[in-house]
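**Student:** One structure, as structure tokens, below. Some questions next.
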Amino acid sequence: YACDVIRNFSIIAHIDHGKSTLADRLLELTGTINKKEVGRNMQVLDKLKVERERGITVKAQTASMIHQYADRNYLLNLIDTPGHVDFSWEVSRSLAACQGALLLVDASQGVQAQSISVFHIAKERGLTIIPVLNKIDLPAAQPELIASQMESTFGINPADIISISAKTGKGVEAVLQAVIERIPPPPQSGPKDPVKAFLFDSLYDRYRGVISLVNIQSGMLQKGDRIASCHTRKKYEITDIGIMHPEEVPTSSLHPGQVGYIACNMKVSSEAHIGDTLHRVGEPVEPMPGFKPSKAMVFAGIFPIDSSDFPKLEESIKRLTLTDRSVTVQRESSSALGQGCRLGFLGTLHMDVFRQRLEDEYDANIIITAPTVPYKLIYRDGKEVFISNPTEFPDVLGVGSKVAEVQEPVVKASIIVPEEYFGEMMDLCHSHRAEELDHRYLDTGSDSSSSRIILNCVLPLSEVVTDFFDQLKGRSSGFASFDYEDAGYQKSDLSKMVFLLNGKPVDALAIIVHKSAQDKVGRAWVKKLHTVIPRQLFELPIQAVIGKKVIARETLSAIRKDVTAGLYGGHYERKMKHLENQKEGKKRMKRIGTVDLPQEAFFDILKK
Ligand code: GTP
């Protein structure tokens, strides 16, 4: 296929606006999958339980289609993008392999927070945008209203909008035509030019290891070619090459402009850096601009409920990270929870997905600590240190401390919500330390009774990773949509809160809190500990402290537990047996100072 018959494009949309359904329809119309396989995409993509439960796609799928139009055969490469805010950075990478994008908007719901963020990413990359209104078959669809919304929000000419129903297939043929007619072909390049392959995604195959998805920017790649990564400088030999149609179909080569897969004995996904440029060994090229490694923003410790399960847990984590390049892993040991791992994730959804996969696919019984974001400590001598574990946070700050300033990551957030929930959303933002709040009406000029508002603010990331999303959905009856992007670091008044049992700190429970929330958080945790911790043989003070200052306290009254009470004096053997049993029970206990805690108690304390 020569460049002029190739089109590389993506579908970009807010969650649930019908991306997978439209992709299915396009694959079906072009004969890439046949009708009885309809829903195949959904089934493949939704195979993880967590994806099914949340109804979202985490792993993207890319496919090449062949379509005849005006007597010519075109090669249409659909480059799929992951559909969640946690992965917005990956969306931006995938789009670097395209010349155009279908901006899909649900005709009953209208423009949502992620419609706006993905639109801007596509625009910045200079892509041709084809606006598509989906779900026009729905009785609640308001195509004219939403079209004018798209005009006012994106500056899109309503005459350019294609109206479709991805469900029934109505109008989808016109989408294929528009892809061919409106999106420019990839830049021309000769097969003799130096090889420049852009790596935009990777898959993991249990037998062959990592499969990289690439877009050939120039030159030509063949099986047996020796290639190298601009980023890691590692060298590989191509053992298999081909296109996704929609599964892997080997071809002898990949030509300029094409999108396809290569297998080259990469062992772990972390070797396939998204955004990397591959070149022929001995023929270095200028890497594609804008490469940055994916950055973990949410960290948590993962420990086995039964400490002796650690080797098995570690092995399971290792296997899972083979398939998910963006999770970072470090060993961690806690005096309260024993041996574990500290993992870094792109966001909280990513963390939930990982946790659920550990539980479902590897049958792991785990305790996961409260999530924390990476904080920046600026020392008086100017040194800057990032920490992702509350135990590394200084006990006291201020005069006498070597740390001059603490900074926390913040994000630029936008929320789109119907007018009647505006007050609730303002409250939500205020209670999560929002700054620079501003808002405007989204549906200017329309006389619709249900106007929607877009609310922008700067939020600390630590506020977003707790309960923000659940509250946003709950307090808006599910109508609010939310998106955020990285906005750097900001000075903040934070301290480490530690919980003491009988005067001894429990390391795994340490958290970092903002001054404004200290009392509330301290009281809530102490209360929770009070209900979860079993009573001991002595009175047990439970305290939340910052430095030396006690923020909250509860006292757990004592019980006297005599397992031999009620046994007759003569039954010596029986008495011994009971004492033995009690000892066995003790083994599963964690000893913190003088306090015995069953490991399960931590599970109850730390579960959401
Ligand atoms: P993510 O994978 O989470 O990004 O969602 P998505 O954008 O891929 O949405 P998906 O294709 O899974 O569609 C979401 C829901 O909308 C599904 O229940 C679809 O059946 C439904 N849907 C998609 N297109 C149409 C349409 O044209 N009409 C109607 N009535 N429903 C549709």
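The values are calculated or read from the model by the stated rules, or taken from the named source; none is laboratory data. Since this is a predicted model, take the numbers as computed values, not measurements. When we count neighbours, we look across all protein chains shown, and the Cβ atoms used for this are built from the backbone with ideal geometry, even at glycine.
**Student:** Name, by its number, the condition in (1) assigned to a loop (DSSP other than H, G, I, E, B); (2) modelled with pLDDT of 95 or more that does not hold for residue 425.
**Tutor:** Every condition holds for residue 425 apart from (1).
**Student:** Could you figure out which of (1) exposed (fewer than 13 other Cβ atoms within 10 Å of the Cβ); (2) more than 23 Å from residue 507 (Cβ to Cβ); (3) modelled with pLDDT of 90 or more isn't true of residue 412?
**Tutor:** (1)
**Student:** Could we say that residue 107 is at pLDDT 90 or above and closer than 27 Å to residue 157 by Cα here?
**Tutor:** Values: at pLDDT 90 or above: yes; closer than 27 Å to residue 157 by Cα: yes.
Considered against the rule, which asks whether it is at pLDDT 90 or above and closer than 27 Å to residue 157 by Cα, residue 107 comes out as yes.
Okay, residues lined up against (1) over 30 Å from residue 139 (Cβ atoms); (2) more than 16 Å from the ligand (Cβ to nearest atom); (3) not in a helix (DSSP H, G or I):
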residue	(1), (2), (3)
167	no, no, yes
181	yes, yes, no
187	yes, yes, yes
217	yes, yes, yes
257	yes, yes, yes
261	yes, yes, yes
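**Student:** Turning to a different aspect of this structure: So, in region 231-250, how many residues would count as being outside any strand (DSSP E or B) and out of contact with any Lys or Arg (no Cβ under 9 Å at 6 or more places or on another chain)?
**Tutor:** Filtering region 231-250 for residues outside any strand (DSSP E or B) gives 231-234, 238-239, 245-247.
This time we only want the ones that are out of contact with any Lys or Arg (no Cβ under 9 Å at 6 or more places or on another chain), so: 231-234, 245, 247.
Final tally of qualifying residues: 6.
**Student:** Might you check whether a residue that is farther than 30 Å from residue 504 by Cα, touching a helix residue (DSSP H, G or I) at 6+ places or on another chain (Cβ under 6 Å) and crowded, with 20+ Cβ neighbours inside 10 Å occurs anywhere in region 282-305?
**Tutor:** Scanning region 282-305 turns up no residue that is farther than 30 Å from residue 504 by Cα, touching a helix residue (DSSP H, G or I) at 6+ places or on another chain (Cβ under 6 Å) and crowded, with 20+ Cβ neighbours inside 10 Å.
**Student:** Could you list, in sequence order, the residues of region 328-382 that are part of a loop (DSSP other than H, G, I, E, B) and either modelled with pLDDT of 85 or more or acidic (Asp, Glu) (or both)?
**Tutor:** The first filter runs over region 328-382 and keeps only residues part of a loop (DSSP other than H, G, I, E, B), leaving 335-337, 346-347, 363-365, 369-371, 373-374, 380-382.
Residues satisfying the conditions are 337, 363, 364, 365, 369, 370, 371, 373, 374, 380, 381, 382.
**Student:** A further question on this structure: List the number of the failed condition for residue 354; all other conditions in (1) surrounded by fewer than 18 Cβ atoms within 10 Å (Cβ to Cβ); (2) within 30 Å of residue 309 (Cβ to Cβ) hold.
**Tutor:** Only one criterion is unmet by residue 354, namely (1).
**Student:** Further question on the same structure: Say whether the condition of being surrounded by 22 or more Cβ atoms within 10 Å (Cβ to Cβ), touching a residue at least 60 places away in the same chain (Cβ under 8 Å), within 14 Å of the ligand (Cβ to nearest atom) and under 31 Å from the mean Cα position of the chain (by Cα) is met by at least one residue in region 134-149.
**Tutor:** yes
**Student:** For region 164-181, which residues satisfy the criterion of being crowded, with 16+ Cβ neighbours inside 10 Å and basic (Lys, Arg)?
**Tutor:** 167, the sole residue that qualifies.
**Student:** Quick one: in region 1-21, which of the residues that are more than 7 Å from the ligand (Cβ to nearest atom) and within 14 Å of residue 78 (Cβ to Cβ) is surrounded by the fewest Cβ atoms within 10 Å (Cβ to Cβ)? Show your work before the answer.
**Tutor:** Within region 1-21, the first condition is being more than 7 Å from the ligand (Cβ to nearest atom), and the residues that meet it are 1-12, 14.
From what is left, the residues that are within 14 Å of residue 78 (Cβ to Cβ) are 6-12.
On the way: 6: 22, 7: 26, 8: 25, 9: 24, 10: 26, 11: 26, 12: 26.
Among residues in region 1-21 that are more than 7 Å from the ligand (Cβ to nearest atom) and within 14 Å of residue 78 (Cβ to Cβ), the one surrounded by the fewest Cβ atoms within 10 Å (Cβ to Cβ) is 6.
**Student:** Another question about this same structure. Which of the residues spanning region 383-405 are under 22 Å from residue 301 (Cα atoms) and not aromatic (Phe, Trp, Tyr)? Please lay out each step first, then the result.
**Tutor:** In the first step, residues of region 383-405 are kept if they are under 22 Å from residue 301 (Cα atoms); the result is 385-395.
Those that are under 22 Å from residue 301 (Cα atoms) and not aromatic (Phe, Trp, Tyr): 385, 387, 388, 389, 390, 391, 392, 394, 395.
**Student:** Within region 308-345, track down each residue that is of a type in the set (Lys, Arg) and more than 27 Å from residue 500 (Cα to Cα). Before you say what the answer is, go through the steps one by one.
**Tutor:** Within region 308-345, the first condition is being of a type in the set (Lys, Arg), and the residues that meet it are 312, 318-319, 325, 331, 342.
Residues satisfying the conditions are 312, 318, 319, 325.
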